[in-house]
Amino acid sequence: MTWTDHATERLRAAGHRPGGAGTRVIRHLETQSCCRGAQEIYEALDREVGLASVYRMLDRLDEQGLVQRIDIGDGIVRYEPSREAHHHHLVCGECGKVEPFADQTLEQAIEAVEERSGYSVVAHEVVLRGACADCRD
Ligand SMILES: [Zn+2]
Ligand SMILES: [Zn+2]
Ligand SMILES: [Zn+2]
């Protein structure tokens, strides 16, 4: 089952049958390699889906736990399908690009911290900020 089908089913069960506009937002999110903000989605869909509808759909997906909220500290909330393989984010302060990265050694280090801390950790976020390869010089 694709994430779009899974999300559609969950929304329907919660009484929010996504219409054509909502379905476009869901499909778009599924095809992205990383998180997207409401405005970005609105632009990517050629402004054919109203910005308010994009926000509403993102809220509903969030309520149902279907997306993960990514906050990189620039005031824009971005979302990605929560089924996306676990990864973290590199953020370019020049062009605003957000890219995914994954690192097994980092995950192991975080697990070791969890063990030492005595906390039961349910989530973690890592954001690396700087200038991307295109912007660095
Ligand atoms: Zn991501
Ligand atoms: Zn850049
Ligand atoms: Zn991680």
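The values are calculated or read from the model by the stated rules, or taken from the named source; none is laboratory data. Everything quoted here is computed from the prediction, not taken from an experiment. No Cβ is skipped: glycine too gets one built from the backbone with ideal geometry, and neighbour counts run over all protein chains shown. Just so you know, the surface numbers come from the protein's heavy atoms only, side chains and all, with ligands and any DNA or RNA stripped out. Shrake-Rupley method; radii C 1.70, N 1.55, O 1.52, S 1.80 Å.
So if R0 is 22 Å, what FRET efficiency would Gln32 and Arg12 give, r being the distance between their Cβ atoms, rounded to the nearest 0.05? Mind showing how you got there, number by number?
Numbers: r = 23 Å, r/R0 = 1.03.
The pair Gln32/Arg12 has a calculated efficiency of 0.45.
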Could I have the simple spin-label model distance between Glu114 and Lys97, label points 7 Å from Cα toward Cβ, reported in nm to one decimal? 3.1 nm
For region 88-130, restrict the atom set to alpha-carbon positions and state the Rg and Dmax in Å. 12.9, 39
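So with the 1.4 Å probe, I'd like the accessible area per residue for region 3-81, rounded to whole Å². Don't skip to the answer; put the middle values down first.
Numbers: 4040 Å² over 79 residues.
Averaged over the residues of region 3-81, the accessible area is 51 Å².
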Between region 3-30 and region 81-130, the alpha-carbon center distance in angstrom: 27 Å
For region 1-40, which whole percent of the accessible surface, found with a 1.4 angstrom probe, sits on carbon and sulfur atoms? 46 percent
Can you list residues whose amide H is under 5 Å from Ile70's amide H, if they're 5+ apart or on another chain and H is modeled 1.01 Å from N? Arg78, Tyr79, Glu80
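Take each of the peptides 101-114, 54-67, average the number of other beta-carbon atoms within 10 Å over its residues, and list them starting from the highest. List each step's numbers first, then the result.
Details: 101-114: 11.1, 54-67: 18.9.
Highest-to-lowest ranking by the protection proxy: 54-67, 101-114.
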Across the Cα atoms of region 3-81, what radius of gyration and what greatest pairwise Cα-Cα distance (Dmax) are found, in Å? 11.5, 34
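On alpha-carbon atoms, Rg over Rh for the chain using Kirkwood Rh? Please list the in-between numbers first.
Values: Rg = 16.6 Å, Rh = 16.4 Å.
For the chain, the value is 1.01.
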Can you give the extra length, in nm with one decimal, that the chain gains between Ile76 and Glu125 once fully stretched, where that is 0.36 nm per residue apart less the Cα-Cα distance? 16.1 nm
Accessible area per residue for region 88-130 in Å², computed with a 1.4 Å probe and the full protein assembly in place, what is it? 73 Å²
Computed, not fitted: 222 nm per-residue ellipticity of the chain from DSSP H runs ≥ 4 (each -39500 (n - 2.57)), nearest 500, equal to -12500 deg cm²/dmol
